[in-house]
Structure formats: structure tokens, C-alpha cells
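Below: the structure, in C-alpha cells.
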Amino acid sequence: MPNWGGGKKCGVCQKTVYFAEEVQCEGSSFHKSCFLCMVCKKNLDSTTVAVHGEEIYCKSCYGKKYGPKGYGYGQGAGTLSTDKGESLGIKHEEAPGHRPTTNPNASKFAQKIGGSERCPRCGQAVFAAEKVIGAGKSWHKSCFRCAKCGKGLESTTLADKDGDIYCKGCYAKNFGPKGFGFGQGAGALVHSE
């Protein structure tokens, strides 16, 4: 049959591929919408494609289908499997359900794992996504501010006193040395009677 439309044919659907929608791989042309893994149908690109003959796969599916098999290659004892061994005559017993401990004196480690740490400023739970560590405690990002001026802090720009955190400037003004030449800014002399 003559190719009246011109252009190359898609390696998957065999229809004409026009320049604006063309993806090339190993000398073949594909529509962008046809450039999918043959197994899982994920979109592919030049970094994720694996070719086997005329078929295209993502690297994961290619490895499962054509990669090495056996112990140490994702099929051995260290991998997850839903096979319970019934074909080998193994009878499966249900494991007892998980029960939480009733020990009232759980270790500090167990308390941290079981619950979450508390922010010293607001007293609310601090979760990993919002956690900032400073002065040996876990803080919310929004609470990690100077107790006096409210300036946002970093772990390298803070000073702590009595469980609260301060910027270096406020710490120096409030808790630093007092007297002639100390704590009052750029060489200013303050006379107090």
C-alpha cells in the first residue's frame, strides 16, 4: 500500500507520525502519546527507556522481564513475595495481631517513637516535615524565632538561655556584659545616673 500521507509510521500504532508529535528511539519513530512502557504503560523518555527488539519498556519492567533471575537478583529470599508456599505443601498460620505495650514506664526512646516531640515555644507536637533542631530541642519552623525581637533564627545564629532562644544581638543586649563599652551598639556611650 502506498504511503500517501508521507512521514514515518509509529512503532506502536502504525499511524503517520508528524514532526511536532515525534519521539525517536533506536531509529524508530513514535507518537509522544504512544511512547509508553509495554507492561506498566508509564510515559518514557530517553533516560527511562529500554528497548528489546521492537518493544519498548521502562527500565524496571525490562529488568523484571529480561534481566537475570535467581538468588541475588530480586527473586531470592530477601524480596517481598505474596507466595505463601501452598504449592509446596506449607500450611500458613495467621500471626497474632500487634498489641501495644501496657508498660507504664516505657523508655525515653519508646516515648519518642510512640509519640512525637513537643515544641518548647508552643507546646504542640513537632513532626519531621516541620522540625528544626536548636539548643538541643525540636522546634516548629515558625516557632524558631528570637524570644525578644521575633527574628527568624538558624541553628548557627542563635544563643539560648533558660530554655529560650535569642538572636545574638538580643542575647548580647539582655544577657551580655554591662557597663562602659559593652552592649550598646557601635561605640555609643550611654550615661545613666
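The values are calculated or read from the model by the stated rules, or taken from the named source; none is laboratory data. What you see is a predicted model, and the numbers here were worked out from it, not measured in a lab. Positions of Cβ are backbone-derived with ideal geometry, glycine not excepted, and every protein chain shown enters the neighbour counts. Calculation scope for accessible area: heavy atoms of the full protein, side chains included, ligands and nucleic acids excluded. Shrake-Rupley method; radii C 1.70, N 1.55, O 1.52, S 1.80 Å.
Within the group Cys170, Cys149, Cys119, Cys143, which residue is touching a Gly at 6+ places or on another chain (Cβ under 8 Å) and at pLDDT 80 or above?
Numbers: Cys170 fails: touching a Gly at 6+ places or on another chain (Cβ under 8 Å); Cys119 fails: touching a Gly at 6+ places or on another chain (Cβ under 8 Å); Cys143 fails: touching a Gly at 6+ places or on another chain (Cβ under 8 Å).
Answer to the check: Cys149.
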Hits in segment 22-46 (condition: in contact with a helix residue (DSSP H, G or I) (Cβ under 9 Å, 6 or more places away or on another chain) and open to solvent by 70 Å² or more (accessible area, probe 1.4 Å)) = Lys32, Ser33, Met38, Val39, Lys42, Asn43
